[in-house]
1. Would you confirm whether any residue within the range 166-178 is open to solvent by 60 Å² or more (accessible area, probe 1.4 Å), hydroxyl-bearing (S, T, Y) and over 22 Å from F100 (Cβ atoms)?
2. Report whether or not I152 is open to solvent by 40 Å² or more (accessible area, probe 1.4 Å) and within 22 Å of L67 (Cα to Cα).
3. What is the number of the single condition among (1) among the hydrophobic types (A, V, I, L, M, F, W, C); (2) loosely packed, with under 15 Cβ neighbours inside 10 Å; (3) part of a helix (DSSP H, G or I) that A116 does not meet?
4. Is there a residue being closer than 30 Å to G246 by Cβ and out of contact with any helix residue (DSSP H, G or I) (no Cβ under 8 Å at 6 or more places or on another chain) anywhere in the range 184-194?
5. Given the options F82, F89, name the one that is closer than 20 Å to V204 by Cβ, of a type outside the set (D, E) and part of a helix (DSSP H, G or I).
6. Would you check if P26 is surrounded by fewer than 11 Cβ atoms within 10 Å (Cβ to Cβ) and at pLDDT 80 or above?
7. Which of the residues that make up the range 211-248 are touching a residue at least 60 places away in the same chain (Cβ under 8 Å), closer than 14 Å to G162 by Cα, under 16 Å from the mean Cα position of the chain (by Cα) and surrounded by fewer than 24 Cβ atoms within 10 Å (Cβ to Cβ)?
Amino acid sequence: MNIPPIIQRTVRNLRPLFGAVRDLTPIILVILFFQEIVFQKPIPNLGDMLLGLLFVLLGLALFVRGLEIGLFPLGESMAHAFAKKGNIFWLLLFSFLLGFGTTIAEPPLIAVAAKAADIAAAGNLIANTQDAMQAYADALRYTVALSVGTAIVLGVLRILFGWPLHVCILGGYLLVMAMTMLAPPEIIGIAYDAGGVTTSTITVPLVTALGVGLASSIRGRNPVLDGFGLIAFASLLPIIFVMVFGIVQLGGG
């Protein structure tokens, strides 16, 4: 049976919405179980919660669809273009600016930086003024963004020259362990969290597409073996950079 093209397009466009419902259903069931069975209380503000859930479903579906039709193809096409051009300088500059720009825009990093500034002010580590807290949060964000830009450059160099991923990551975490002994205790937790919040909704799709597209464009590179691993660098270097930031701002441990 031939399915009309309009129905095929509709089903294809609605597939992310069905996926969002599937992915969120276990979370909803867990919340309902604990609220109704364990706490035995009605869900507070049920109307607001249902409206918020609807927004989450639509937002997640639109985000996934946007990745499929926009960000992934864009990242891969630019990687192919840079590989065809054969200019390492422009490739590395683009990689750095991509990592820096996407990290600055990450909502989780903005939230963590603001909260870190609040806690630092409450602990008398910085002046308890709005200007001081804003400066601290901005400095933390730019430090993390700089680290991710550097990380993407290192990841691209690894793809170009075929450096073993496990050696790079192990060496990086050995440096993290050494830095942990030198950094002030107040910054260590923030530094480790920075490695997670940087690899979120904006950074991951573009960086992954860049790595896979680049590896598939270079002879002798396998997209499966060499195209991934950029996110590992982007999670590792912020830990080191933020601990250096803490040593400069707050003094050593």
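The values are calculated or read from the model by the stated rules, or taken from the named source; none is laboratory data. Being a predicted model, the structure only gives us computed values, none of them experimental. Reconstructed Cβ throughout: ideal geometry from the backbone, glycine too, with neighbour counts over all protein chains shown. Surface accessibility is based on the protein's heavy atoms, side chains included, excluding ligands, DNA and RNA. Shrake-Rupley method; radii C 1.70, N 1.55, O 1.52, S 1.80 Å.
1. yes
2. No, not satisfied.
3. Against the list (1) among the hydrophobic types (A, V, I, L, M, F, W, C); (2) loosely packed, with under 15 Cβ neighbours inside 10 Å; (3) part of a helix (DSSP H, G or I), A116 comes up short only on (2).
4. yes
5. Sole residue among the options that is closer than 20 Å to V204 by Cβ, of a type outside the set (D, E) and part of a helix (DSSP H, G or I): F82.
6. yes
7. Scanning the range 211-248 gives a single hit, G229.
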